[in-house]
Amino acid sequence: MKINEINCKTALSKSKLPGLDYALNPYRGCEHNCVYCYAPSVLNEKRKWGSFVDIKRNLPNVLAKELKKKGRVGIGTVTDAYQPAERKYEITRRCCEILLKHDFPLCIQTKSALVLRDIDIIKNFSDKEVGFTVTTIDDEARKKYEPYSSSVEERLNALRILGENNIHTWVFIGPVMPYITEKNIDKLIDSIAKAGVKNVIVDKLNLKTSTWERIKTFLSKYYPELIPGYEKVLFTKNDYFEKVELKISVLCRNYGIRCEKAF
Ligand code: SF4
């Protein structure tokens, strides 16, 4: 992993994501190295994804000069702000401290239980939420396609603790990995409910943003028998993702969880 310390010129960038005014991304590159990651295409990044992280060392200082801006800030909209480098660099933590001084509405999305370290800060915002991506209940599968992220159990445990601290939580089941996410989906929804989560968002695997080459290499290594099914789901007209989303929404309804479709 090549770690580069860099300086940035701006901190808060306008966000087009629903419900967000600004995006804040302390890192470029991501050690979690998820096989379906869309960030390289968003960033037009040519370096091998998962092999580098650029640390925006001066981000808290730059952010401190941008506090005239007002609105909801999404942290980690492109790359995970609680990836392993954050344990040492604490850029996200320092940015949260600065945002708290002006009580910006805060939204964090992550795959890392490291967010719990900053609960002492996050819980003091008047308006705050933390979402975890959870795309399978099977941690053996998770290790194969989100290799350096927190385990499924750690994420569910983190969601429970955040909720107990009056921080609104949600789960992003996205992207749905065909035939993997749906396996034991009832157990996943049950675990999400037990973690006290009341909102779920479902998204499909989108090849506009993920690369088929990367996904096919992953499948060839671990699930070669699924390749024809993926090709059918991804390259022919079908309603696979609609059916999975419907199944999830029915399960969610049984637990009083609100389910939203993101595609
Ligand atoms: S955690 Fe997010 S940014 Fe990081 S590799 Fe995974 S999908 Fe990409």
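Summary of values
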quantity: VAL42 closer than 26 Å to ASP203 by Cβ, of a type in the set (A, V, I, L, M) and out of contact with any His (no Cβ under 7 Å at 6 or more places or on another chain); calculated: yes
quantity: Among (1) within 16 Å of the ligand (Cβ to nearest atom); (2) over 20 Å from the mean Cα position of the chain (by Cα); (3) polar (S, T, N, Q), the one test that SER126 misses; calculated: (1)
quantity: Checking LYS48 against (1) surrounded by fewer than 16 Cβ atoms within 10 Å (Cβ to Cβ); (2) in contact (Cβ under 8 Å) with a residue 12 or more places away in the chain; (3) in a loop (DSSP other than H, G, I, E, B); (4) within 16 Å of the ligand (Cβ to nearest atom), the condition it does not meet; calculated: (2)
quantity: All helices (runs of 4 or more DSSP H) inside region 172-241 with 1 or more residues being β-branched (Val, Ile, Thr), within 30 Å of ILE161 (Cα to Cα) and under 20 Å from the mean Cα position of the chain (by Cα); calculated: 185-194
quantity: VAL115 vs. criteria surrounded by 16 or more Cβ atoms within 10 Å (Cβ to Cβ), within 12 Å of the ligand (Cβ to nearest atom) and outside any strand (DSSP E or B); calculated: no
quantity: Residue satisfying condition, being surrounded by fewer than 17 Cβ atoms within 10 Å (Cβ to Cβ) and modelled with pLDDT of 95 or more, within set GLU225, GLU213, GLU245; calculated: GLU225
quantity: Candidate set from region 19-32 (those that are charged (D, E, K, R) and either within 11 Å of the ligand (Cβ to nearest atom) or within 14 Å of ARG214 (Cα to Cα) (or both)); member that is surrounded by the most Cβ atoms within 10 Å (Cβ to Cβ); calculated: GLU31
quantity: Selected residue (only one of VAL35, VAL42, VAL62, VAL53 is touching a helix residue (DSSP H, G or I) at 6+ places or on another chain (Cβ under 9 Å) and either more than 14 Å from the ligand (Cβ to nearest atom) or not in a loop (DSSP other than H, G, I, E, B) (or both)); calculated: VAL53
quantity: Search result, residues across region 182-205 that are within 17 Å of THR136 (Cα to Cα) and surrounded by fewer than 17 Cβ atoms within 10 Å (Cβ to Cβ); calculated: LYS183, ASN184, ASP186, LYS187, ASP190, LYS194
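The values are calculated or read from the model by the stated rules, or taken from the named source; none is laboratory data. In this text, all values refer to a predicted model and were calculated from it rather than measured experimentally. Positions of Cβ are backbone-derived with ideal geometry, glycine not excepted, and every protein chain shown enters the neighbour counts.
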